[in-house]
Amino acid sequence: MEDIKDLFETVAMHNGQVSFILTDSEIKSDGFLELINSLLATGEIPGMLNKDDRELFMLGVKPQLVKEMGKGSEPTPAQCGTCFLNRIKDQLHIILAFSPVGTKFRTRASMFPSLFSQCSIDWFLPLPIEALVDVS
């Protein structure tokens, strides 16, 4: 979660485009996938940001929001929060590299639906018959 919080800081404070790569060999527990599933579904991970972090990130997006709204406008905290979430959704890219061979792929697809419904899937090599049978 600390790594993802650092990515949030890059996006919010520096208006950066960030990619986070996670391979299936790096997943030590399904808790990791639960966090990524939540991030893909909502744009945030519940409980990850404390009040101070959230306020800091919303201050980071405030100048851009003021610029968009026009001079003399003061954005509300709700507008800053919405802008922060939209920036996370637009500029933080999660790259998942999973092997379709075996039952883990099918199990993860059913347990964590956002990993598949909120992602674009790229197949780089033809799937072996074993993988097609396992996934189906």
Legend entry - Length gained when the stretch LYS71-ARG106 is fully extended (0.36 nm per residue, less Cα-Cα span): 7.4 nm
Inset, instruction - Taking 7 Å along the Cα-to-C-beta vector as the label spot, tell me the ASP3-HIS93 distance in nanometres, rounded to one decimal. - result: 1.8 nm
Inset, instruction - Would you kindly state how much longer the chain becomes between ASP52 and THR23 on full extension, computed as 0.36 nm times their sequence separation minus their alpha carbon distance, in nm to one decimal? - result: 7.3 nm
Legend entry - Accessible area of the chain divided out per residue, in Å², using a probe of 1.4 angstrom: 62 Å²
Inset, instruction - Taking Cα extents along the principal axes in Å as the quantity of interest, determine which of (i) 38, 34, 30; (ii) 58, 39, 35; (iii) 63, 26, 20 was computed from the displayed structure. - result: (iii)
Inset, instruction - Using only the alpha carbon atoms of region 43-110, find the Kirkwood hydrodynamic radius as the inverse mean reciprocal pair distance, in angstroms to one decimal. - result: 14.6 Å
Inset, instruction - With springs connecting C-alpha atoms under 10 Å apart, model the chain as a Gaussian network and identify which of GLY81, GLY70, GLY102 has the largest mean-square fluctuation. - result: GLY70
Inset, instruction - Pop out the carbon and sulfur fraction of the accessible area of region 30-75 as a percent, whole number, probe 1.4 Å. - result: 54 percent
Inset, instruction - For ILE21, tell me the accessible area in Å² from a 1.4 Å probe, rounded to the nearest 10. - result: 100 Å²
Legend entry - region 92-136: C-alpha gyration tensor shape, a/c 1.5 cut-off, then a/b vs b/c: oblate
Legend entry - GNM result for the chain, Cα springs below 10 Å: residue of SER110, SER19, SER73 fluctuating most strongly: SER73
Legend entry - Mean Cα-pair separation over length for the chain, i.e. relative contact order, pairs under 8 Å, 6 or more apart, %: 34 percent
Legend entry - Calculated FRET value between SER120 and THR82, using beta carbons and R₀ = 25 Å, to 0.05: 0.50
Inset, instruction - Sort LEU22, LEU85 from largest to smallest accessible area, using a 1.4 Å probe on the heavy atoms of the protein chains. - result: LEU85, LEU22
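The values are calculated or read from the model by the stated rules, or taken from the named source; none is laboratory data. On a predicted model such as this, the values are computed, not experimentally measured, just so you know. Virtual Cβ from ideal backbone geometry, glycine too; neighbours counted across all protein chains shown. In case anyone asks, the SASA skips ligands and DNA or RNA and just uses the protein heavy atoms, side chains included. Shrake-Rupley method; radii C 1.70, N 1.55, O 1.52, S 1.80 Å.
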